[in-house]
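Inspection log for the structure reproduced underneath, given as structure tokens.
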Amino acid sequence: MVLAKQSLMDPIDIHEQLARGPNSATEALRLELYEKVNALGIGAQGLGGLTTVLDVKILDYPTHAASKPVAMIPNCAASRHAHFVLDGSGPAELPIPSLDDWPRVTWDAGLSSRRVSLDTISREEITSWKPGETLLLNGRLLTGRDAARKRMVEMLGRGETLPVDFRNRFIYYVGPVDPVRDEAMGPAGPTTATRMDKFTDTMLERTGLIGMVGKAERGPAAVESIRRHRAVYLIAIGGAAYLVSKAIRKARVVAFEDLGMEAIYEFEVQDMPVTVAVDVTGESVHQTGPATWRAKIGKFPVVEGG
């Protein structure tokens, strides 16, 4: 695992390997994995596409002949780091990057995006949403992640009344950062929804909740529960917590204040961009999207049903 961690800090150079070809068995394995992973068609956010990985790193080390340990690790936080060297001569100088070196980001909702009012949403309205469709959420959005979900399920198990009414509401899997200066809320990116799968059926069956917002795919049991209860699952953009927070206009704690960032908040959002991931029929874009791109790429046989 130490080697796996170290490999994350190496620069992206797979394009150089592709241009000159491998010089060793390890480099050949890097190229093979890079090409085969991208041929899976998983794509960014798991929605399908040509690029699933930007690079593959491999570090090896001698081991006992009777064992062959393998450690694999994604570079989630490694793409957000700084390098510096302490050589004893004084403090390390970290130059402040210039924003002029980066493309200017502008917000454009797009003509195909559908604006949704969370304050008037109904079960009937969500039946028309399709996987892959882009929505712009407006109105009041509740939050809750691991600790809050666990506490609520335990309360329901004891027959207690929840402090928040979830009927016809949406919940956002997020642990927001405290605001600074004039912010309504600090960075508020989605957390991985799979961890909430074990609470999903209870919440959908017992609370009247009709929608969830997170990131990444849902497991088979959660998808089946979503289908059975005619609910929906939406995904926000992972890795863009600061940009997501710009859609939050107001925020207040409505329950479980003792949980800190995992308390239940009520956000008022304006044009918060999300993508429909699982619709009321249980169709998941994390299945259909990659399957479509695998067929386009054509390097693996297409299996009926994805």
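Where a number appears in this text, it was derived from the coordinates with a stated rule and is not lab data. Just so it is clear, the structure is predicted and the values come from calculations on it, not from any experiment. Note that each Cβ is placed from the backbone with ideal geometry, even for glycine, and that neighbours are counted across all protein chains shown.
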Taking every C-alpha to C-alpha distance in the stretch 197-306 and binning by 5 Å from 0, the per-bin percentages run 2, 10, 15, 18, 19, 17, 9, 4, 3, 2, 0
With Cα coordinates, the longest principal axis of the chain makes an angle with the long axis of helix 197-207, in degrees rounded to 10, of 10
Diffusion coefficient in µm²/s returned for the stretch 126-193 by Stokes-Einstein, Kirkwood Rh over C-alpha pairs, 25 °C and 0.890 mPa s, is 169
Computed over the stretch 210-257, the distribution of all Cα-Cα distances in 10 Å bins, rounded to whole %, is 20, 37, 35, 8
Checked against the positive end of the charge dipole of the chain (+1 on Cβ of Lys and Arg, -1 on Cβ of Asp and Glu, about the Cα centre), the farthest of I14, F166, P91 is F166
Computed over the chain: longest principal axis from alpha-carbon atoms vs helix 285-297 long axis, angle to nearest 10 degrees, is 40
With Cα coordinates, the longest principal axis of the chain makes an angle with the long axis of helix 25-38, in degrees rounded to 10, of 30
Correct response: the longest run of the chain lacking exposed trypsin sites (Lys or Arg not before Pro), defined by DSSP loop and at most 12 other Cβ within 10 Å, is 182-298
In debye to the nearest 20, the charge dipole size for the chain, taken about the Cα centre with +1 at each Lys and Arg Cβ and -1 at each Asp and Glu Cβ, equals 800
Taking Rh as the Kirkwood radius computed over alpha-carbon pairs of the stretch 96-244 and applying Stokes-Einstein at 4 °C with viscosity 1.567 mPa s, one gets a diffusion coefficient in µm² s⁻¹ of 77
Bounding extents of the chain in its principal axis frame from Cα atoms, largest first in Å, are 62, 59, 48
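How do H229, H15 line up, fewest other C-beta atoms within 10 Å first?
Exposure proxy ranking, most exposed first: H15, H229.
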Relative contact order of the stretch 169-306 (C-alpha contacts under 8 Å, at least 6 apart) in percent is 23
Along principal axes, largest first, the alpha-carbon spread of the stretch 1-62 in whole Å comes out as 37, 28, 19
With the 8 Å Cα cutoff and a minimum separation of six or more residues, the chain has a relative contact order in percent of 21
The answer for the longest stretch of the chain without any exposed chymotrypsin sites (Phe, Trp or Tyr not before Pro) (DSSP loop, at most 11 further Cβ atoms within 10 Å) is 108-306
For the stretch 244-256, Karplus-derived ³J(HN,Hα) couplings (6.51, -1.76, 1.60; θ = phi - 60°; whole Hz; x for glycine and proline) come out as 4, 5, 5, 7, 8, 9, 9, 8, 8, 7, 10, 6, 6
